[in-house]
1. In the list A:Val300, A:Val284, which residue meets the criterion of being modelled with pLDDT of 85 or more and more than 22 Å from A:Leu203 (Cβ to Cβ)?
2. Would it be correct to say that C:Leu180 is at the interface with chain A (Cβ under 9 Å from one of its Cβ atoms), modelled with pLDDT under 85 and open to solvent by 60 Å² or more (accessible area, probe 1.4 Å)?
3. Going by what's in this entry, would B:Arg88 be described as closer than 24 Å to B:Ile212 by Cβ and surrounded by 20 or more Cβ atoms within 10 Å (Cβ to Cβ)?
4. B:Pro5 is checked against (1) part of a loop (DSSP other than H, G, I, E, B); (2) touching a Phe, Trp or Tyr at 6+ places or on another chain (Cβ under 8 Å); (3) not polar (S, T, N, Q) and fails just one. What number does that condition carry?
5. Inspect all residues belonging to the range A:285-296 and state whether any of them is within 18 Å of the chain's Cα centre (by Cα) and either within 7 Å of another protein chain (Cβ to nearest Cβ) or part of a loop (DSSP other than H, G, I, E, B) (or both).
6. Is one or more of the residues making up the range C:230-242 open to solvent by 10 Å² or more (accessible area, probe 1.4 Å) and modelled with pLDDT of 75 or more?
7. Identify, from the list C:Gly223, C:Gly275, C:Gly197, the residue that is modelled with pLDDT of 80 or more and at the interface with chain A (Cβ under 9 Å from one of its Cβ atoms).
8. When you check B:Leu106 against the structure, is it in contact with a Gly (Cβ under 8 Å, 6 or more places away or on another chain) and modelled with pLDDT under 90, yes or no?
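The values are calculated or read from the model by the stated rules, or taken from the named source; none is laboratory data. Please read these numbers as outputs of a predicted model, since none were measured by experiment. Here Cβ is always computed from backbone atoms with ideal geometry, including for glycine, and neighbour counts include all displayed protein chains. Ligands, DNA and RNA are stripped out before the accessible areas are found, and what is left, the full protein with its side chains, is counted by its heavy atoms. Shrake-Rupley method; radii C 1.70, N 1.55, O 1.52, S 1.80 Å.
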Amino acid sequence: MRYIIRRVLLLLLTGWAALTINFALPRLMPGSPIQVMAAKYTGRLTPSALAAIAQALGLKNKQNVFVQYWTYLGHTLTGNFGYSLSEYPTKVSTLLAQNLPWTLGLVGFATVVAFVLGTFIGAVAAWRRGSLFDSIVVPTGMMLAAMPSFWISTMAIYFLSYKLGWFPLFGGSSSGSLTSVAGLGSILSHAALPAMVLAVISLGGFMLVMRNTTVSVMSDDYVKFARAKGLRNFTVASRYAARNATLPVVTNFALALGTVVAGTIFVEYVFSYPGIANLLYIAVTSEDYPLMQAIFLVIVLAVLLANFVADMLYVVLDPRIRVGGRA
Amino acid sequence: MSGSPLLALEDVHIGYGWDARSVTPVVRGVDLTVAAGEVVGVAGESGCGKTTLAMAAAGLLDPPGRVTAGRILFEGADLRAMSPEQLRRLRLAEISMVFQASMNVLNPVTRVRKQFLDAMAAHGVRNEDEAIARAREMFDRVRLPQRFLDAFPHQLSGGMRQRAVIALCLVLRPKLVLLDEPTTALDVVVQRSIMQMLSELRSELGFGVVFITHDLSLLVEVADRIAIMYAGQVVEEAPAKHLYGAAGHPYTRALMSAFPPLGVARVRMEGLPGQPPDLRRLPPGCAFAPRCLQAVEGTCDAVAPPASSSEGHRVVCHLYEPKEAPVG
Amino acid sequence: MKGFLHNKKALAGLSIIVFFGLVALLAPLLDPYNPNDFNFMPWLGPSSAHWLGTTGQGQDELSWLLYSARDSMLIALSTAGVISVVQLLFGIFSGYTGGLTDGVLSTVTNVFLVLPGLPLLIVIDAYLPNKGTVTTVFILTITGWAWGARVLRSQAISLRDRPFMEAARMSGERRWRIVLFNVVPNMFGVLAANFFGAAVYAVLTEAGLLFLGVINVNTISWGSMLYWAQAGSAMLENKWLPMLLPGVCILLLGTGFGLLNFAVDEVADPRLRRG
């Protein structure tokens, strides 16, 4: 129980830190943020529009910093992110809502595939340590983990989409409708390559962690004893070795998320996939601060949620946490 | 005792090494027999090869360890000639081994009960009710409250876990039980109660025992016969009582004097000088010679000592003269 | 140390790094042309005048490729160095000191661990007015220090309770001396592994940022080569070499540091060794 409370507190604290970073950053830079926005967007936006945006960001000039902070927190927590500068008068929240589902689909699918496949391959490699399989898996994993994700994406898109024409070149879908059969088919075909690339990028890390964890678990006493009990190899490998090895893997999952997020940013960029990572890129290059901040928060929130799920999963998996000390 | 012995190790050599070129000999020509229902103790310092020998006898020796020569016969069948599946079937059901420091041999994420069940299922007891009944009965015998079957290992104390492991190792009524320092990691009081429990279990269930320890005084009380190992060889083997009264090998005598009896006049303790030899660079002649206070120059350090035995008492030493065995 | 030099991974990694190091050092000598010259016809294929062809801006590919090694090595090593120092300080103050300091510092570490790195990087960078090498090292450090710090912290904790440390404390040695002469040398293995891990991170992330165009793409670097190739629609011109080569270099350099990272790990923990 204490474990859960500690983790929840940490996640809340991180969320607060992200909010504060968002708030503090523009104010730490020379020049007021309003001036920066004004400089960039005068001529494209009316002064009243700029003022409205500033208001939403809690940037009203004359106010004391703490009041600004408070306003900012209030607005953010109620989902009022203001208007996008580059897409004025679209609200930021509208843009977010549009792009988020695409990313969720892509990342969700790719991460699950990478995790399941990577963990399985890693476990098999560890079980057959020293074999040919293992000697292929380890360097492959290292190379995959060292591979720049944007490079794989570009290579993939070049060879498989452009040259071979197996996959569409960009975008989320070519069909107008999203719900018709043709529409769904188009969605899937556009998602296929980015999803696979993202899965491949994330695969290396999971594979290596699982392999190394399993190798060290296998030399643990209870695995030796399981064999001494005369259990079949498969039982020992799954119920004793792998089951215990997944524990550190789940804890590492949180760290792996960082790779997944980074991978997503590159993949969406290269494939012009209409997700929020791509939106972030657009926001950054057009210095659309309101949009940028909102996306950052959404990403952080998603990561925190994923962490929370992983932590809960860990509690379920490890009875030492779940069912405390001595009977 | 008629019929083939329960366990017969014939000139067993075991080495450690990842590739064939650099193999360190860890067990160098050991002969040992265990008859049905007999308790054979194996004593020696750490590193003398006793655990490796036991692992091999249980069919559990894994690379980098390898039996390089000799036969390991269980009820007449050579373990080295068996397939992995045959060996698997022997484990726990016919031969079981209680490891040193059994604190951590239970899977931390599974309930104790489940670990009994999967062990039994792997050996043909698939009916869950029957399996649980047997587990419960075994828990009674090792005097553990039955409710701990439903617990996770971390909820039991060290001594309880040891008993649970012993229960697990006996639940299928194996014919041979190998115990590697089963009580060393526990305090003396718990040690005694577990030893007592083991004796009772043995008289009830009748299994043969190989008891490995460095504590010779313990063996003298519980074993029928004792083998003393040094640097991978058995240097002395005798019925327990003979050993107590008339140890033949200088090393045995040194081990015995390391555990002074209570209630006797205080005697100046003498440790054994030196270290066990590096098995990769054994001296010529007797392996114990460098540390032996009675070593004879020219003989002990040059020529391998012969084995001489009388009345079931075997000693491998240049200086040993078989005497009349004391009565008793 | 000897074991390290016999380790296959270490040798492989070391050869790669030394190779790139030499290229970086000798680049001005090796380059056929000044990388900044853009007087050549753009998009030429490989020829005897230009072994690897020219870029979309009319610069010699090979010169750029070789000279870029400098930027990557510089960023990798300096970032890894700064990160290592930060991690060491955090790890020691947190792990060895314990108590409230530890509570606060490790919470900070954990917060940074959870925060997603690349988005944070991009956002911070967006606000920074000038984007030079120093800023790059700075932002890379902010996002990259947390993981190794946690590892060093647990290492420091386990060292703190060892008997030889007790002995040092009881003999009245001054704390900073204890730390400097007892704790730090024992953490060397982990430190080295972390250093190389940070180097991998720096190489890959810097390349990524350049590719996105988020940091200054006028630096001569593999990442910016990719950026310009992408921006110049190399694909559509069927010129895949400008896209392939810088990527391969990044991959190799990253793998080199990665191998060293694993090698140090293996030498420290024999269970991870193969066979």
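1. Numbers: A:Val284 fails: modelled with pLDDT of 85 or more.
Checking each option against the conditions leaves just A:Val300.
2. Details: at the interface with chain A (Cβ under 9 Å from one of its Cβ atoms): no; modelled with pLDDT under 85: yes; open to solvent by 60 Å² or more (accessible area, probe 1.4 Å): yes.
So C:Leu180 fails the test.
3. On the way: closer than 24 Å to B:Ile212 by Cβ: yes; surrounded by 20 or more Cβ atoms within 10 Å (Cβ to Cβ): yes.
Spelling it out, B:Arg88 is indeed closer than 24 Å to B:Ile212 by Cβ and surrounded by 20 or more Cβ atoms within 10 Å (Cβ to Cβ).
4. (2)
5. Yes: one or more hits.
6. Within the range C:230-242 (the criterion being open to solvent by 10 Å² or more (accessible area, probe 1.4 Å) and modelled with pLDDT of 75 or more), the answer is no, since none of the residues qualifies.
7. Working: C:Gly275 fails: modelled with pLDDT of 80 or more; C:Gly197 fails: at the interface with chain A (Cβ under 9 Å from one of its Cβ atoms).
Being modelled with pLDDT of 80 or more and at the interface with chain A (Cβ under 9 Å from one of its Cβ atoms) holds for just one of C:Gly223, C:Gly275, C:Gly197, which is C:Gly223.
8. Working: in contact with a Gly (Cβ under 8 Å, 6 or more places away or on another chain): no; modelled with pLDDT under 90: yes.
No: the conditions fail for B:Leu106.
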